[in-house]
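In what follows, a structure is listed as structure tokens, so that the remarks can point back to it.
The values are calculated or read from the model by the stated rules, or taken from the named source; none is laboratory data. Bear in mind that the values here come from a model prediction, so they are computed numbers and not experimental data. Neighbour counts are summed over all protein chains in view; Cβ atoms, including those assigned to glycine, are modelled from backbone coordinates with ideal geometry. Ligands, DNA and RNA are excluded from the accessible area calculation, which covers all protein heavy atoms including side chains. Shrake-Rupley method; radii C 1.70, N 1.55, O 1.52, S 1.80 Å.
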Amino acid sequence: MFPELLPAVPGPIGVFDSGFGGLTILRDICRRLPDYDYLFLGDNARAPYGTRSFDVVYRFTLQAVRYLFAQGCHLVILACNTASAKALRTIQQCDLPAIDPSRRVLGVIRPTVEILSERTRNGHIGIVGTPGTVASRSYDIEIGKMHPDMRVTAHACPMWVPLVENRETTTPGARYFVERDIRVLLDVDPDIDTLILGCTHYPLLSDMIRAALPAGVDVLSQGRVVADSLADYLRRHPDMAARCTIGGTVRYLTTENADRFSEMASMFMGHPVQAVQVEL
Ligand code: DGL
């Protein structure tokens with residue numbers, strides 16, 4: 001076990017993203033499970049992750065997970081598709097056994113894929129995500145295993161995360177990129193009836209995304225799905241639930257300027273938030 005880890009005293013649930021996107025997951029987790037304590041970490045200084053190589057995303061994500069473990073978290077949610085696609089499996093299989101086999105790291109891709117059959121009517125699934133998530137083919141592989149009859153069309157949208165990180169979500173520029181990318185996706189499969197927002201930043205563009213889609217296309221954003229899946233996980237793992245503190249607090253850490261993060265997070269969470277800047 002690494003020396004920086006605290007002894008097994010209970011701690012907050014860690015929620016990690018490359019930047020602001022993870023707040024879309026945190027908000028729904030807090031609504032669903034308001035009694036636990038949470039520690040959010042956004043690596044805004046190094047966002048976006050979506051255009052970075054496998055090795056770099058893995059290295060950054062592992063640093064973040066170790067950091068949250070060192071702050072006392074026993075359970076960390078990767079509220080980031082790129083990190084879930086490129087780093088989760090290696091961390092679970094290769095790193096956790098050496099760091100501390102009793103700690104857990106969970107991602108967002110599997111819970112999303114699990115509920116697809118409840119959502120789609122015709123089995124035509126569209127996925128928008130970062131170049132990293134799309135290139136990893138993680139969704140295609142998971143869907144292929146769980147729902148082999150579904151037709152999957154994925155499209156990378158490299159401009160969407162920078163738009164969110166730069167708070168450009170309502171500008172004509174944002175509309176241009178959203179409409180363009182949705183058009184490219186629908187050109188490949190016009191019958192898509194369910195669109196997975198396969199990046200936790202994208203719900204911040206959801207009004208524009210919905211407006212660009214034909215009526216009747218179901219837009220699946222991951223907040224509630226991940227929150228339900230976490231509630232189910234804690235119910236099935238009372239040993240882990242006992243290692244997560246109850247107090248209803250949420251603390252925010254960012255690797256970039258704390259005031260900038262606090263402003264965005266306050267707007268998004270609907271109450272004043274004071275973040276703290278940290279170095280990983
Ligand atoms: N929000 C993250 C995701 O779900 C990462 C986006 C990025 O940093 O490019 O993929």
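What to note about this one:
- Only Lys, Arg, Asp and Glu carry charge here, each on its Cβ (+1 for the first two, -1 for the last two); on that basis region 1-123 has a dipole of about 360 debye about its Cα centre.
- Tensor-based shape of the chain (alpha-carbon gyration tensor, a/c under 1.5 rounded, otherwise prolate or oblate): prolate
- Calculated mean residue ellipticity at 222 nm for the chain: -12000 deg cm²/dmol, from DSSP H runs with n ≥ 4 weighted as -39500 (n - 2.57), summed, divided by the residue count and rounded to 500.
- Calculated on alpha-carbon atoms, Rg and Dmax of region 1-103 in Å: 13.2, 37
- Here region 15-61 and region 127-150 have alpha carbon centers that stand 20 Å from each other.
- Charge dipole of region 1-127 about the Cα centre (unit charges at C-beta), most positive-ward option of 14, 125, 111: 125
- Average accessible surface area per residue within the chain, 1.4 Å rolling probe, Å²: 43 Å²
- GluC sites (Glu not before Pro) restricted to DSSP loop in region 118-209 with at most 16 other C-beta within 10 Å: 168
- Spacing of the two label points (7 Å from each Cα toward its C-beta) at residue 115 and residue 280, in nm: 2.7 nm
- FRET efficiency, residue 224 to residue 54 (Cβ-Cβ, R0 45 Å, nearest 0.05): 0.95
- For region 235-275, the list of chymotrypsin sites (Phe, Trp or Tyr not before Pro) that fall in a loop by DSSP and count at most 11 other C-beta atoms within 10 angstrom is empty.
- The C-alpha atoms of the chain define a longest principal axis, and helix 223-236 lies at about 40 degrees to it.
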